[in-house]
Structures are given as C-alpha cells and as structure tokens.
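Visitor: Just passing along the structure, written as structure tokens.
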Amino acid sequence: MTKKDENINEDNSLDLENILEWDIIEAEEAEERIEDEMKWLDKIQWEINILKESLARAQADYQNLVRRVERDKIDMWIYLTWNIIAKILPFVDNLERIIAATPEDMKQWGLFDWVKSTYAWIVKTLEGLWVKSFDSIWQEVDASLHDVMSQMPWEEGKIIQEFERWYMLGDKVIRHAKVVVGSGI
C-alpha cells in the first residue's frame, strides 16, 4: 500500500467517523424532537380530555335545564289553572244549589234548562282541564280531601252530608270537601 492509499484510507475512516458522529448527533436531536412532540401530544390529549369532560357536563346541564323548564312550564300551567278554577268553583256550587233547590213546578221553565246546560258545560270544561271531583257521601273521611264541618249520629267516620264537593287538578287538591260525618253514637 502506498502512502497515497494510506492517506485515502485514513481520510475515508475519518469521513466515516465524522459521518457516524453526525448521524449520532442527528439521531439524538431527532429523539429529543420526538420526545418533545410526544410531550406536546400528551398535553394536547390531556386538553382534549378536559374539553370532552367539559362538553359532557355542559350537555348534562343543558338537558337538566330543558327538563327543569318543562317541569316549570307544567307547574306554572297547573298553578294558573288552579287559581282560575278555585275562583270558578263557587259559581259551580251555586249552580248545583239552584238545581237542587228548584221546585218541580219550576223545572219546566226554560231558565232551569239553561242553568242545567250551563252547569253541564262548566263541568265538562273542568274535566277537559283534568279537574276531578267525586261524591263523598257514604265514603270514609280522608283528611287530605275532606274538611269536617260537624258530626251527627251515624256510623262513625262515614260522610253523611256534603256541603261542598272536593276538587283536584291532577294530583293537587284545589278545594277540600266540606262534610258532615257520623259520630258513631
């Protein structure tokens, strides 16, 4: 081997060493960039998870709000209807009293038919608004539906007379029945 060949081999090995060093440096730099990007991706994934959780909470809050608004609308409707019906009930009571107290000879008059048809129309309208009423006579006293006005000798706890009927709107009592109850004597 000539001196020239030795120099070429030596230069080649130096070049290879330099290339290897540069490749190692580039590989280390690439590894650092990859680590940095992995950290960045982890941070982005963490932020995505937080945003997903926030979105899920916001959607749940929205659904709760929709349900609450619907419930509030129903409650408001019931409250307003309840108040209006409570003001109409004395009129219904008066029509019932007129019908019950009208003598037989006056029931032939057209005015009596008008009173009966008006009463029937109001009762039908109330039923269309989910208003319920039942006859309490001969039933057991229920404190959630009846106000006992007095007692008379009769079977204990049985309602024997009703002054005013009870009315409910859905499951809410509009007015308790005013009743006379047997005292058991």
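Read-outs throughout are calculated quantities, based only on the coordinates presented, and are distinct from any laboratory measurement. Values in this document were obtained by computation on a predicted structure and should not be read as measured data. All Cβ positions, glycine included, derive from the backbone under ideal geometry; neighbour counts span all protein chains shown.
Visitor: Using only the alpha-carbon atoms, how far is helix 110-128 inclined from the longest principal axis of the chain? Give it as 0 to 90 degrees, nearest 10.
Guide: Taking the Cα atoms of the chain, the angle to 110-128 is about 20 degrees.
Visitor: Exposure proxy check: 81, 102 ranked by fewest other beta carbons within 10 Å?
Guide: Taking fewest neighbouring Cβ atoms as first place, the list is 102, 81.
Visitor: Something else about it: Counting Lys and Arg as +1 and Asp and Glu as -1, each charge on the Cβ, what is the dipole of the chain about the Cα centre in debye, to the nearest 20?
Guide: 3200
Visitor: Run through all the Cα pairs of the chain and give the fraction in each 10 Å bin from 0, expressed as whole percent.
Guide: Reading the bins upward from 0: 8, 17, 16, 11, 7, 6, 6, 5, 5, 5, 5, 4, 3, 2, 0, 0.
Visitor: Using the alpha-carbon atoms, what tilt in degrees (0 to 90, nearest 10) does helix 3-101 show relative to the longest principal axis of the chain?
Guide: 0
Visitor: To continue, here is another question. Using only the alpha carbons of segment 105-185, determine the length spanned along each of the three principal axes and report them from longest to shortest in whole angstroms.
Guide: If we take the Cα atoms of segment 105-185, the spans are 45, 37, 15 Å.
Visitor: Set Lys and Arg Cβ to +1 and Asp and Glu Cβ to -1, take the dipole of segment 22-132 about its Cα centre, and tell me which of 24, 65, 51 lies farthest positive.
Guide: 65
Visitor: Still on this structure, I have one more. Calculate for the chain the 222 nm mean residue ellipticity that helices alone would give, adding -39,500 (n - 2.57) per DSSP H run of length 4 or more and normalising by residue count, nearest 500 deg cm²/dmol. Please list the in-between numbers first.
Guide: Values: 2 runs with 118 residues, N = 185.
The helix contribution divided over the chain gives -24000 deg cm²/dmol.
Visitor: Here is a follow-up. Which ordering of 150, 183 is given by a fewest-first count of other beta-carbon atoms within 10 Å?
Guide: The fewest-first ordering by Cβ neighbours comes to 150, 183.
Visitor: While we're on this one: For 19, 159, 85, 137, what ranking results if the residue with the fewest other Cβ atoms within 10 Å of its Cβ goes first?
Guide: Neighbour counts put them in this order, fewest first: 19, 137, 85, 159.
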